[in-house]
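**Student:** Pasting in a structure now, in structure tokens, and then I'll have a few things to ask.
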Amino acid sequence: VQLQASGGGSVQPGGSLRLSCAASGSIFNVMAWYRQAPGKQRDLVASLSSGGITVYANSVKGRFTISRDNGKNTVYLQMNSLKPEDTAVYYCNARKLAAEYWGQGTLVTVSS
């Protein structure tokens with residue numbers, strides 16, 4: 001199983017980025033994005049189940065949208081109205097039954 005994340009970068013406040021995570025090796029029940037800012041714990045940003053149930057952190061509701069393309073086994077995170085406090089390393093996560101997998105992180109920096 002491999003999770004390949006991409007799409008991070010630097011953006012000014014108010015800007016947008018789209019993260020992608022391509023999964024190989026399996027079909028997952030839940031795919032999600034977490035983030036970890038310097039000196040802080042890794043927290044859930046958004047998750048999406050195979051049944052279409054979404055969960056968002058309160059801090060990103062209304063600004064971020066998680067989606068998945070089951071045909072490509074890829075999950076996306078569209079991030080709009082980005083704020084400096086969104087700066088973090090973003091990690092893709094996938095779960096199937098008792099197994100959990102992580103992708104490599106992709107850095108998102110929001111700064112003027």
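The values are calculated or read from the model by the stated rules, or taken from the named source; none is laboratory data. Worth saying up front: this structure is predicted, and the values here are computed from it rather than measured. Here the Cβ positions follow ideal geometry from the backbone for every residue, glycine too, while neighbour counts run over all protein chains shown. Each accessible area value is taken on the protein alone, full model and side chains, heavy atoms only, with ligands, DNA and RNA left out. Shrake-Rupley method; radii C 1.70, N 1.55, O 1.52, S 1.80 Å.
**Student:** For the chain, calculate the relative contact order in percent as a whole number, restricting contacts to Cα pairs under 8 Å that are 6 or more residues apart.
**Tutor:** 37 percent
**Student:** Here's another thing I want to ask about it. From zero outward in steps of 10 Å, how is the percent of C-alpha pairs of segment 43-112 spread across the bins?
**Tutor:** 17, 53, 26, 4, 0
**Student:** Per residue, how much accessible area does segment 1-94 show when a 1.4 Å probe rolls over the protein heavy atoms, in square angstrom?
**Tutor:** Accessible area per residue, segment 1-94: 49 Å².
**Student:** How big is the gap, in Å, between the Cα center of segment 25-42 and the Cα center of segment 45-65?
**Tutor:** Spelled out, the Cα-based centre of one part sits 12 Å from the other.
**Student:** Counting only the heavy atoms of the protein chains, how much of R18 is accessible to a 1.4 Å probe, in Å² to the nearest 10?
**Tutor:** R18 has an accessible surface of roughly 130 Å² with all protein chains in place.
**Student:** Related question: Once you place label points 7 Å from the Cα toward the Cβ at D43 and R63, how far apart are they in nm?
**Tutor:** Using points 7 Å along Cα→Cβ, the separation is 1.1 nm.
**Student:** Given H placed on each backbone N at 1.01 Å, which residues far from R68 in sequence or on other chains put an amide H within less than 5 Å of it?
**Tutor:** Residues meeting the amide H criterion: Y76.
**Student:** Can you give the local net charge around V1? Use residues other than it whose beta-carbon is closer than 15 angstrom to its beta-carbon, Lys and Arg +1, Asp and Glu -1.
**Tutor:** Cβ neighbours under 15 Å give a net charge of +1.
**Student:** Further, regarding this structure: Pull up the cross-link candidates among the lysines for K40, meaning alpha carbon to alpha carbon under 29 Å and not fewer than 8 places away within one chain.
**Tutor:** Partners found: K61, K83, K96.
**Student:** Could I ask something else about it? Explain nothing, just the number: dipole magnitude of segment 19-112 about its Cα centre with +1 on each Lys and Arg Cβ and -1 on each Asp and Glu Cβ, in debye rounded to the nearest 20.
**Tutor:** In debye, rounded to 20, segment 19-112 gives about 60.
**Student:** Within a Cβ distance under 15 Å of S111, other residues only, what is the Lys/Arg minus Asp/Glu net charge?
**Tutor:** Local charge sum for S111: -1.
**Student:** Whose amide H sits under 5 Å from the amide H of K96, counting only residues 5 or more places off or on another chain, with H placed in the peptide plane?
**Tutor:** Excluding prolines and chain starts, which carry no amide H, the hits are N29.
**Student:** What does the accessible area of K96 come to, in Å² to the nearest 10, when a probe of 1.4 Å is used?
**Tutor:** 80 Å²
**Student:** What percentage of the solvent-accessible surface of segment 49-99, computed with a 1.4 Å probe over protein heavy atoms, is contributed by carbon and sulfur atoms?
**Tutor:** With neighbouring chains kept in place, the figure for segment 49-99 is 52 percent.
**Student:** Can you tell me which of P38, P84, P13 moves the most in a GNM of the chain? Springs connect C-alpha atoms under 10 Å apart.
**Tutor:** Largest GNM mean-square fluctuation: P38.
**Student:** Same structure again: Tell me the volume per residue, in Å³, of the convex hull enclosing the alpha carbons of segment 1-55.
**Tutor:** In segment 1-55, the Cα hull volume divided by residue count equals 116 Å³.
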